[in-house]
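The values are calculated or read from the model by the stated rules, or taken from the named source; none is laboratory data. Nothing here was measured: the structure is a model prediction, and the numbers come from that model. Every residue, glycine among them, receives a Cβ derived from its backbone with ideal geometry; neighbour counts consider all protein chains shown. Please note that ligands, DNA and RNA were not included when accessible areas were found on the heavy atoms of the full protein model with its side chains. Shrake-Rupley method; radii C 1.70, N 1.55, O 1.52, S 1.80 Å.
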Amino acid sequence: MKMVGKIFLIFLSVYVTVTIADKAFCVASLTSRPEAATATAPKLGVIALSIASSNASDTSFYIKAKLKQKNLEPALEDTLDDCSKNYLDAVAQLDDSLAALMQNSFIDVDIWLNTAISDGESCENALNDRAGNDAELARRNTNLLKLCKDALLINTILTP
């Protein structure tokens, strides 16, 4: 591991410990990508956004597959419909965040990530407020929110 990468991961670990409770999730998600071991700070931002985007895309496909099932309870179908729309938006916003980060447009990254977080929170509200709940979707949504908040934290560190 390059010294710069090690120093940044140590700094990020300390910063995460102070600002968010789920340090282990953040570190595990970043280190799930082999390139993180030698990544510079900006590259870790790209990795974090890529992981969040992949999670959102996978969850969007999960929701679409659930919606194709027959005999869904109406409340669950309504929840899945709402979350499907939220996730389509979140995927686009995470892709926009990645494009903005590549151009060092940290303010735009912040805006797009916060919008993606709002989409995840809207899905979470639908899951919590209705009778139609899906435990797997709730777990995936919680992970998306953590991943987006981790990426937002890295973006904050990168912002000059």
(request) Evaluate the distance, in nm, between pseudo-label points positioned 7 Å from the Cα of Arg130 and of Asp58 along their respective Cα→Cβ axes. (result) 2.4 nm
(request) Just the number, please: carbon plus sulfur as a percent of the accessible area of the chain, 1.4 Å probe, no ligands or DNA/RNA counted. (result) 57 percent
(request) Please give the calculated 222 nm ellipticity per residue for the chain, where each DSSP H segment of at least 4 residues contributes -39500 (n - 2.57) and the sum is spread over every residue; nearest 500 deg cm²/dmol? (result) -28500 deg cm²/dmol
(request) Round to the nearest 10 and give me the degree value, 0 to 90, for the angle of helix 74-102's Cα axis relative to the longest principal axis of the chain. (result) 20 degrees
(message) Let me check something: with ligands and nucleic acids excluded, how do Leu152, Leu113 order by accessible area (1.4 Å probe), largest to smallest?
(response) Leu152, Leu113
(message) If I take every Cα pair under 8 Å that is 6 or more residues apart in the chain, average their sequence separation and divide by the length, what percent do I get for the relative contact order?
(response) 28 percent
(request) Take every Cα pair under 8 Å in region 86-160 that's 6+ residues apart, average their separations, divide by the length, and report that relative contact order as a whole percent. (result) 35 percent
(message) List the Cys residues of the chain that have no partner Cys with a C-beta closer than 4.7 Å.
(response) Cys26, Cys148
(request) Over region 2-158, give the accessible area per residue in Å² for a 1.4 Å probe, as an integer. (result) 50 Å²
(request) Kindly express, to the nearest 10 degrees and within the range 0 to 90, the angle between helix 106-129's C-alpha long axis and the longest C-alpha principal axis of the chain. (result) 30 degrees
